[in-house]
Amino acid sequence: MRKKPIDIKYLPSLIKVFFIGAIVLFSGCLGVKNSTGNSGKNLFETFYVGNDGTQYFIKPLTFNDEDKNQLKLDVTFRYKDRVKDSALVNISFINNELFRNVDSLKICNDSVSVVFNNFKCLFAERIQKKFNSRFSTKGSLVETTKLFNIKNWNIIVYRQNKYVRYYSPNETKMKIDKLKYGIFMLF
C-alpha cells in the first residue's frame with residue numbers, strides 16, 4: 001500500500017511548526033542558567049572518582065606580598081564519607097625574582113597554622129617582565145580543611161634563610177568564605 005504524498009499546500013505550515021518546535025526545544029536547553037552565583041561553585045571543580053568518592057580541585061587563590069608580587073595557591077583532594085588522606089598543594093610565584101626552591105610554607109589564620117614541606121619544582125617560566133615559578137607538595141587534608149574556617153590567611157614562604165609574607169586581599173577572603181560554605185561545611 002502506497003503512502004499518500006503530503007499536500008503541498010500544507011508544507012508552509014509544517015515548516016512553521018518544525019521551526020517553532022526547534023526554537024522551543026533549543027531555548028529550553030539554552031535558557032537553563034547555572035545557579036552558581038553565590039554558592040562558590042565557580043571556585044572549584046568536582047570529579048567523581050568511583051570508589052574513592054569525589055575529587056575536589058580548588059581553583060587558584062591569589063595572595064600578595066608588600067611589593068605586589070603574587071602567590072597563587074590551588075588545592076586538590078579526594079573525599080568520601082570522611083576526611084582522610086592528603087591534600088595536593090600547588091603554589092605559583094608570579095614574581096620579579098625567579099624562585100628555584102622553597103624550603104617550607106606556612107599558612108595561618110587566627111586559629112590554625114599549617115606547615116607544608118618537601119616542595120618539588122614543577123616548572124619556571126618567564127611571563128613578560130616577571131617569572132612564574134610553580135611548586136607542588138602534599139600535606140594533611142585534616143589540617144588543610146581547618147584553614148577554611150577563617151578567611152583571613154597569611155602565608156609565609158621560607159627559602160634560602162629568608163622569608164616572604166603574603167596577605168589575602170579582600171577578593172581572596174570572599175573566595176575562602178564561599179569555599180567554606182560550598183565545600184567544607186559538607187564535611
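Read the figures in this text as sums done on the coordinates, not as results from a lab. Just so it is clear, the model here is predicted, and its values are computed rather than measured. Cβ: placed from backbone, ideal geometry, glycine included. Neighbour counts: every protein chain shown.
Under 16 Å from the Cα of LYS129, which aspartates and glutamates turn up, not counting those fewer than eight places away in the same chain?
ASP67, GLU97
Cα-Cα over 30 Å: which of LYS41/LYS106; LYS72/LYS180; LYS80/LYS162?
LYS80/LYS162
Between beta-carbons, use under 15 Å as the cut-off and find the net charge around GLU97, counting Lys and Arg +1, Asp and Glu -1.
Taking every Cβ under 15 Å from that of GLU97, the sum is +4.
Need the list of aspartates and glutamates near LYS175 for cross-linking: C-alpha distance under 20 angstrom, and skip anything on the same chain fewer than eight residues off.
GLU45, ASP65, ASP74, ASP110, GLU143
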